[in-house]
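Undergrad: Here you go, one structure.
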Amino acid sequence: MRDDLKKKFLKKLERKLQEPSEDQYIVNLIRAYYDLKDTQNLFEERLQEWIKNSMYLDVKDPKDPQVYESIRKHGFDESVYREFVDIYDVIRREERQIRQKIEQLIQSRFPNSSYLVGPFIVAMMLEKMGSYDKLVNAPASTIQVIGAEKALFKHIRSKGKIKPPKHGILYLSPWVNRLPKRLRGKMARTLASKLSIAMKADMAGRDIKEELYNKIRKRYEELEKEGKNRKD
């Protein structure tokens, strides 16, 4: 009897593990977005070098009329350059669309957290942690430094000689980066604490975003006032 129950349990667990995972779908979508963004940056760098080194122009827009005028003036193959620019435009368009899709998915799954720091910051954290479970169950101290793994590793290896990082991805939030440098760690700690609560509420389907937002804003205003009273 016990063997039969064990077999049924193991089969059920195996089926569960083989089910498509929403969080893994989103994590891989975010990583694909990063790949596309890297490709866009490479194309942009190549276009800038092309314009600067072969046409001796200092313009940022690859479609600037001066560029085409220079190509024709020097008798270069304009069609090749246009094809390259067209590909670049497609990559830029796809990059914007995929980012928008990621933000929609995260907004739907993490409404409280997205309200506090924006859906893309939440997406970046999810990609770093690798799953809903790891992100939601991470303590606030971990959430605070997600994205600062290298700096944290250096701190650990130095046995305290190098200071630990005060924030990771959370630095991208205006709640943190608009404050003086010496106060950012304090704000990141508050923000991570509220995000930890928000993420658990997101998984439970509870709406507490306004309550948490007001607490974050209050702490931000306190630190902002402190920063104005004491200039760095």
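Coordinate-derived values only; no laboratory data. Remember, predicted model here, so these are calculated numbers, not experimental data. Reconstructed Cβ throughout: ideal geometry from the backbone, glycine too, with neighbour counts over all protein chains shown.
Undergrad: Where in region 138-170 are there trypsin sites (Lys or Arg not before Pro) that are in a DSSP coil and have at most 12 other Cβ atoms within 10 angstrom of their Cβ?
TA: When the trypsin sites (Lys or Arg not before Pro) of region 138-170 are filtered for loop state and at most 12 Cβ neighbours within 10 Å, Lys159, Lys161 remain.
Undergrad: With a 10 Å cut-off between alpha carbons and a GNM built on the chain, which of Gln40, Gln97, Gln48 moves the most?
TA: The residue with the greatest mean-square fluctuation here is Gln48.
Undergrad: 7 Å from Cα along Cα→Cβ at both Glu221 and Gln40: what's the point-to-point distance in nm?
TA: Modelled inter-label distance: 3.6 nm.
Undergrad: Still on this model: Place a +1 charge on the Cβ of each Lys and Arg in the chain and a -1 charge on the Cβ of each Asp and Glu, then give the dipole magnitude about the Cα centre in debye, rounded to the nearest 20.
TA: 1860 debye
Undergrad: Also: Take Leu116, Leu36, Leu42 and order them by how many other Cβ atoms sit within 10 Å, fewest up front.
TA: Placing the least packed residue first, the sequence is Leu42, Leu36, Leu116.
Undergrad: Can you tell which of Ile102, Tyr81, Leu29 lies farthest toward the positive end of the dipole of region 22-109, using +1 and -1 charges on the Cβ of basic and acidic side chains (Lys, Arg; Asp, Glu)?
TA: Ile102
Undergrad: Which of Lys166/Lys215; Lys161/Lys194; Lys181/Lys228; Lys186/Lys225 have a Cα-Cα distance over 22 Å?
TA: Details: Lys166/Lys215 20 Å; Lys161/Lys194 30 Å; Lys181/Lys228 13 Å; Lys186/Lys225 14 Å.
In this structure, Lys161/Lys194 lie more than 22 Å apart at Cα.
Undergrad: Calculate the length of the line joining the C-alpha centroid of region 107-138 to that of region 53-91, in whole Å.
TA: Cα centres, region 107-138 to region 53-91: 41 Å.
Undergrad: Over the chain, what per residue volume does the convex hull of the Cα atoms give, in whole Å³? Show your work: numbers first, answer last.
TA: Working: hull volume 50.7 nm³, N = 232.
Each residue corresponds to 218 Å³ of Cα convex hull volume.
Undergrad: Still on this model: Could you please report the charge total around Ile197, scoring K, R as +1 and D, E as -1 over all other residues with beta-carbon less than 12 angstrom from its beta-carbon?
TA: Summing Lys/Arg as +1 and Asp/Glu as -1 gives +3.
Undergrad: Now for a separate question. Using Cβ counts within 10 Å as a stand-in for footprinting exposure, how do Ser196, Ser54 rank, fewest first?
TA: Least crowded to most crowded, the residues run Ser54, Ser196.
Undergrad: Find which of Ser173, Gly147, Gly160 sits farthest along the positive direction of the dipole of region 110-232, computed with +1 on the beta-carbon of Lys and Arg, -1 on that of Asp and Glu, about the Cα centre.
TA: In region 110-232, that residue is Gly160.
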